[in-house]
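Worksheet: the structure to be examined is printed underneath.
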Amino acid sequence: MAGHPEHFQVGRAPVGWVLWLLWILATTLGWPLGWAMGVWTTSVFIAWGPGESTGLPLVVCQTAWGAIWGAVLGAIQWPILRWRIAGAGGWVLASAVGWTGGWWAWFGVGQHLAGALGWAMLAVGATGGAAVGALQSLVLRRRARGAGWWVLASSVGWAASWGVLRIGIWSVVGWLGSGAVAGAITGSVLVWLLRQPLAPGREAARE
């Protein structure tokens, strides 16, 4: 509605270096925090639930882990998008669902390949990044032309992130560095996309 304050704000927040730096910060913090919350939640489930991590409990644990991981990361990124994209609340859901698939790609494939082919983690990161990027692009397309490029950016960004994480051997520095790398790559493309807005009529139609 015309009188709603958000009507005048969405899409008018500045896009540039500030956005890029904020995106890197949000991704750097959200990446390890989401992982930690996923670990804590699944640990509680195992401790207070079936007390085992095989069969159905394993499926529940790993699915919840990926969903929580993605939801936390998406929730921390969301405020940056809120005033730039109408309906950006869908970002959290897209991140949760996308990272559930990405997590299963790592858990189901990556762990088995990592011993013999450690750098196969890059392929796993690329696959997970493409999955989450495909869903997130549905949110970005409400504001930007060429939102399909986000899928490639997400795939490359998270592949590089898993590479940094492997070098860091799961250390704190590795976690923060991997999040920063993914944030820098995807943030650059995000800035570019938001500078390619839809025509006013098309944007209104998608809202």
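The values are calculated or read from the model by the stated rules, or taken from the named source; none is laboratory data. Small disclaimer: the values here were computed from a predicted structure and weren't measured. In this analysis, Cβ positions are derived from the backbone assuming ideal geometry, glycine residues included, and neighbour counts consider all displayed protein chains.
Quick notes on this one:
- Of the residues screened, ILE46 is not one that is of a type outside the set (Gly, Ala, Ser), farther than 15 Å from GLN62 by Cα and either over 19 Å from the mean Cα position of the chain (by Cα) or modelled with pLDDT of 90 or more (or both).
- Looking at ALA116, ALA26, just one residue is modelled with pLDDT under 65 and either in a helix (DSSP H, G or I) or surrounded by fewer than 13 Cβ atoms within 10 Å (Cβ to Cβ) (or both), and that residue is ALA116.
- Top-ranked residue in the stretch 138-173 [being among the hydroxyl-bearing types (Ser, Thr, Tyr) and over 11 Å from the mean Cα position of the chain (by Cα); ranked as surrounded by the most Cβ atoms within 10 Å (Cβ to Cβ)]: SER161
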